[in-house]
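Peer 1: Input: one structure, supplied below.
The values are calculated or read from the model by the stated rules, or taken from the named source; none is laboratory data. Treat the numbers as computed from the prediction; the structure is a model and nothing was measured. Ideal geometry is used to build each Cβ from the backbone, glycine not excepted, and the neighbour counts take in all protein chains shown. Areas reflect the complete protein model, heavy atoms only, side chains present, ligands, DNA and RNA absent. Shrake-Rupley method; radii C 1.70, N 1.55, O 1.52, S 1.80 Å.
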Amino acid sequence: MMRKKQIYPRIYAEETVYSIASRLVLNDVSSSISQSMLNVFDNKNIQLDSILPSFINRLSLVSGCSHDELLDKHSLFQYYTLFSTESIRAQARALLLKENSLDAFKTLGLLANRIPCHDVHHFCPLCAKEQEKQFGETYWLRAHQLPLSNTCYRHHCRLVSIPKQRKRLLFPLIDCEPSFAISTLEHKLASFNYAFSQSHHFDPVRLKQTYAIRLINRELATTSFVRHSLWREQMRVYFDEYMSHDAVFKLLQNDAEYAFPASIFYNDEANHHPLKHLLICTFLFEHVDDFIEACTQKEPLKVVHSEPITSQSEIDALRQDTVLTLLRQGLSLRQITVIANVSAATVRNIARKHSISLKEQERKVSNSIRRGITIQLIIGLHVADIANKFNLKKSDVEQVLSGQPIIKELRRRIRFYRHRQQARRALIATLYTLKSPTITLLRRSADKEYVWLFKHDKPWLNSFKKFYFKSG
């Protein structure tokens with residue numbers, strides 16, 4: 001039988017369920033954490049968490065706080081269901097009350113998104129000092145545990161991170177000095193995250209309409225399609241300082257498995273991770289009020305004055321006349337393709353149709369020189385160096401390279417391995433220039449190389465850090 005608590009614990013506003021449960025366990029003076037978990041929850045294997053907790057029933061029983069209040073005001077349930085339909089939210093809530101957090105994650109699409117959850121707790125040093133002064137103890141706040149929140153929404157200082165430990169229950173420290181060196185983007189992300197954590201839910205259809213209108217007004221979409229590549233590239237530039245973050249890099253990398261951000265429009269029934277909406281909102285809207293106003297008042301589409309549309313037949317006829325004129329002037333094939341903006345095949349077809357002989361330019365690069373250039377390309381020599389070696393223009397060398405995908409791929413691999421070798425050597429060399437090396441200091445001292453290795457050579461980077469920093 002679970003042991004009854006004579007006095008319910010104090011529960012603070014916006015405190016996480018992890019914090020509430022941890023205080024209950026630590027207040028139970030036993031020989032070990034496992035024994036205290038057994039005494040309090042009748043189960044020593046419960047994993048205390050604040051996102052979608054499976055221990056709500058037991059915590060409600062021993063804390064005197066209702067299921068709904070624990071879920072809505074002390075967990076991240078509202079945040080992670082913010083963009084879901086009413087039926088999905090109800091289904092996820094029912095699963096959590098049946099202590100089935102795994103299926104709740106599946107229902108909300110959080111497992112399908114494959115975006116990892118936090119493995120750290122965050123706290124604000126100034127909030128912790130205020131808590132200690134007012135209540136005599138510190139606790140974890142919900143809004144500090146949101147993805148990509150590095151800043152306190154109240155004090156605008158950087159949050160401090162503590163790794164989660166299953167066998168050790170932790171609380172914020174009171175001896176940390178605050179750091180106010182934060183970027184505008186950090187503050188903006190924290191502002192949107194806090195606004196999301198205080199919201200009930202958004203209508204998915206209305207939300208997508210709001211995104212679509214803003215995209216059209218920013219010329220990143222039309223009423224027919226989304227300019228996906230342009231949108232994603234602009235997001236990559238905008239979130240450049242966060243590209244070393246696993247989840248952001250996964251979503252915005254050029255060869256992403258899922259076509260984010262345009263995938264947000266693909267399926268009306270799909271559930272997307274809140275992080276996706278956070279990135280989109282932060283990118284598209286100037287501030288939280290701008291987003292709320294666009295959602296509630298329905299932003300109008302900008303009126304674009306466009307020129308009358310020219311039919312394709314008129315365009316084709318104009319191009320043919322231009323090509324004919326240039327052919328009769330005796331211009332070369334390459335000159336005509338550039339001036340008339342048509343393909344070489346089009347020029348040849350028009351010349352053949354009108355019995356006009358194409359002017360052939362004298363071949364600048366002989367077969368023997370082409371073979372020499374090809375060998376230099378295969379061994380990975382730079383195009384500019386090859387051009388200098390044969391006293392040619394870079395375009396002459398690039399012409400030899402064009403149409404040879406195997407050599408192009410070989411050169412790409414050579415560049416990659418060369419870049420990797422340089423980055424590894426630079427990181428190792430930087431390590432030995434530091435008097436008291438730490439991972440953070442190494443990251444700052446060789447930022448460019450560190451980020452490149454993080455993106456392209458992560459296994460080596462992890463083994464490097466493990467060898468030099470964990471082995472002492």
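Peer 1: Mind checking the full-extension length gain between N367 and D447? Use 0.36 nm per residue of separation minus the Cα-Cα distance, one decimal, nm.
Peer 2: Working: separation 80, 0.36 × 80 = 28.80 nm, distance 4.57 nm.
In short, 24.2 nm is gained.
Peer 1: Please state the equivalent ellipsoid semi-axes for the range 207-250: what are the square roots of 5 times the Cα gyration tensor eigenvalues, largest first, in whole Å?
Peer 2: On the way: eigenvalues 108, 23, 15 Å².
They are 23, 11, 9 Å, listed largest first.
Peer 1: Here's a follow-up. Which lysines, if any, have their Cα less than 22 Å from the Cα of K167, not counting same-chain residues under 8 positions apart?
Peer 2: Within the straight-line limit of under 22 Å, K167 reaches these lysines: K44, K470.
Peer 1: Residue-wise, which Karplus ³J(HN,Hα) couplings in Hz belong to the range 320-335, taking 6.51 cos²θ - 1.76 cosθ + 1.60, θ = phi - 60°, and x for glycine or proline?
Peer 2: Once rounded to whole Hz, the list reads 5, 4, 5, 4, 4, 4, 5, 5, 5, 7, x, 6, 6, 4, 5, 4.
Peer 1: List the residues whose amide H sits under 5 Å from the amide H of S244, counting only those 5 or more places along or on another chain, with H placed 1.01 Å from N in the peptide plane.
Peer 2: none
Peer 1: Continuing with the same structure: Report the Stokes-Einstein translational diffusion coefficient (µm² s⁻¹, integer) for the range 249-293, Rh taken as the Kirkwood radius over Cα pairs, at 10 °C with viscosity 1.306 mPa s. It would help to have the intermediate numbers written out before the result.
Peer 2: On the way: Rh = 11.7 Å.
So the translational diffusion coefficient is about 136 µm²/s.
Peer 1: On to the next question. Would you mind getting the accessible area per residue of the range 226-286, heavy atoms of the protein chains only, 1.4 Å probe, in Å²?
Peer 2: Details: 2680 Å² over 61 residues.
Per residue, the range 226-286 has 44 Å² of solvent-accessible surface.
Peer 1: What is the set of long-range amide H partners of T151 at a cut-off below 5 Å, with H atoms built 1.01 Å from backbone N?
Peer 2: Here L159 satisfy the definition.
Peer 1: For the range 368-472, count the residues as N, evaluate 2.2 N^0.38 Å, and divide the Cα radius of gyration by that value, please. Walk me through the numbers on the way to the answer.
Peer 2: Numbers: Rg = 19.0 Å, N = 105, 2.2 N^0.38 = 12.9 Å.
Expressed relative to 2.2 N^0.38 Å, the Cα Rg reads 1.47.
Peer 1: Within the chain, what's the longest run with no GluC sites (Glu not before Pro) in a DSSP loop and at most 16 other beta-carbon atoms within 10 Å? Give the range, please.
Peer 2: Details: sites that count: E14, E99, E137, E219, E257, E269, E286, E360, E362.
Longest run free of exposed loop sites: 363-472.
Peer 1: Okay, moving on. Convert each backbone phi in the range 434-448 into a coupling constant with the Karplus relation 6.51 cos²θ - 1.76 cosθ + 1.60 (shift: θ = phi - 60°), then list the ³J(HN,Hα) values in order as whole Hz, x for Gly and Pro.
Peer 2: Taking θ as phi minus 60°, the curve returns 8, 5, 10, x, 9, 4, 4, 5, 5, 4, 6, 6, 10, 4, 4 Hz for the range 434-448.
Peer 1: Identify, among V342, S54, S161, the residue whose Cα sits farthest towards the positive end of the charge dipole of the chain, taking +1 on the Cβ of Lys and Arg and -1 on the Cβ of Asp and Glu, with the dipole about the Cα centre.
Peer 2: The Cα lying farthest towards the positive end belongs to V342.
Peer 1: In addition: So what's the angle, to the nearest 10 degrees on a 0 to 90 scale, between helix 367-378 and the longest Cα principal axis of the chain?
Peer 2: Long axis of 367-378 versus the principal axis of the chain: about 10 degrees.
Peer 1: Here is a follow-up. What number comes out for accessible area per residue over the range 31-78 if the probe is 1.4 Å? Units Å², please.
Peer 2: Numbers: 1860 Å² over 48 residues.
Roughly 39 Å² per residue, with all protein chains present.
Peer 1: If all Cα-Cα distances of the range 14-170 are sorted into 10 Å bins from 0 onward, what percent lands in each bin, rounded to whole numbers?
Peer 2: 10, 38, 37, 14, 1
Peer 1: Leaving out ligands and nucleic acids, note down the accessible area per residue over the range 376-426 with a 1.4 angstrom probe, in whole Å².
Peer 2: Roughly 68 Å² per residue, with all protein chains present.
Peer 1: Using modelled amide H (1.01 Å from N, peptide plane; none on Pro or chain starts), what sits under 5 Å from the amide H of A221, excluding residues fewer than 5 places away?
Peer 2: Counting only residues 5 or more places away or on other chains, the set is I216, R227.
Peer 1: On to the next question. As a test of the definition: which semi-axes, in Å, follow for the range 158-235 when you take the square root of five times each eigenvalue of its alpha carbon gyration tensor? Largest first, please.
Peer 2: Working: eigenvalues 281, 59, 34 Å².
Ellipsoid half-lengths, sorted descending, are 37, 17, 13 Å.
Peer 1: Please state the relative contact order of the chain as a whole percent: Cα pairs under 8 Å, 6+ residues apart? Let's see the in-between values first.
Peer 2: Working: 489 pairs, mean separation 47.1, N = 472.
Relative contact order for the chain comes out at 10 percent.
Peer 1: So if I place +1 on the C-beta of Lys and Arg and -1 on the C-beta of Asp and Glu, and nothing else carries charge, what would the dipole magnitude of the chain be about its Cα centre? I want it in debye, nearest 20. Spell out each step's value before the answer.
Peer 2: Working: 66 positive and 46 negative charges, 478 e Å.
Dipole about the Cα centre, nearest 20: 2300 debye.
Peer 1: A follow-up question, please. Quick one: 3J(HN,Hα) in Hz for the range 272-288, Karplus 6.51/-1.76/1.60 with θ = phi - 60°, rounded, Gly and Pro as x.
Peer 2: 10, 4, x, 4, 5, 5, 4, 5, 5, 5, 5, 6, 7, 10, 5, 7, 4
Peer 1: Rolling a 1.4 angstrom probe over the protein chains, ignoring ligands and nucleic acids, what is the accessible area of V226 in square angstrom, nearest 10?
Peer 2: Accessible area of V226: about 50 Å².
Peer 1: Check cross-link reach from K408 to the lysines: straight Cα distance under 28 Å, and skip same-chain residues fewer than eight apart.
Peer 2: Excluding near neighbours in sequence, the set is K250, K364, K389, K393, K394, K448, K455, K458.
Peer 1: Moving on to the next point. Give me the Kirkwood hydrodynamic radius of the range 366-424, using the inverse of the mean 1/r over all pairs of distinct Cα atoms, in Å to one decimal. It would help to have the intermediate numbers written out before the result.
Peer 2: Values: mean 1/r = 0.0841 Å⁻¹.
Averaging 1/r across every pair of different Cα atoms and inverting gives 11.9 Å.
Peer 1: Gain in length, T438 to R236, computed as 0.36 nm per residue apart minus the alpha-carbon separation, to one decimal in nm?
Peer 2: Values: separation 202, 0.36 × 202 = 72.72 nm, distance 2.82 nm.
Contour length minus Cα-Cα distance gives 69.9 nm.
Peer 1: With a 1.4 Å probe and all protein chains kept in place, how do S313, S191 rank by accessible area, largest first? Don't jump to the answer; show the numbers that get you there.
Peer 2: On the way: S313 80, S191 45 Å².
Sorted descending by solvent-accessible area, the residues read S313, S191.
Peer 1: Which FRET efficiency value, to the nearest 0.05, is calculated for I378 and I162 with the Förster distance at 45 angstrom and r the Cβ-Cβ distance? Working shown, then result.
Peer 2: Details: r = 53 Å, r/R0 = 1.17.
So, using R0 = 45 Å, E works out to roughly 0.30.
Peer 1: With the crude spin-label approximation of a point 7 Å out along Cα→Cβ, what separation in nm comes out for Q422 versus S32?
Peer 2: Placing both labels 7 Å beyond Cα along the Cβ direction yields 5.4 nm.
Peer 1: So, with a 1.4 angstrom probe, what is the percent of accessible area on the chain that is carbon and sulfur? Kindly include the intermediate steps, with their values, before the conclusion.
Peer 2: Numbers: 13760 of 26710 Å².
Summing carbon and sulfur atoms, their accessible area is 52 percent of the total for the chain.
Peer 1: Take the chain, compute every pairwise Cα distance, and split them into 10 Å bins from 0; I just need the percent in each bin.
Peer 2: Spelled out bin by bin, the chain gives 3, 14, 19, 20, 17, 11, 7, 5, 2, 1, 0 percent.
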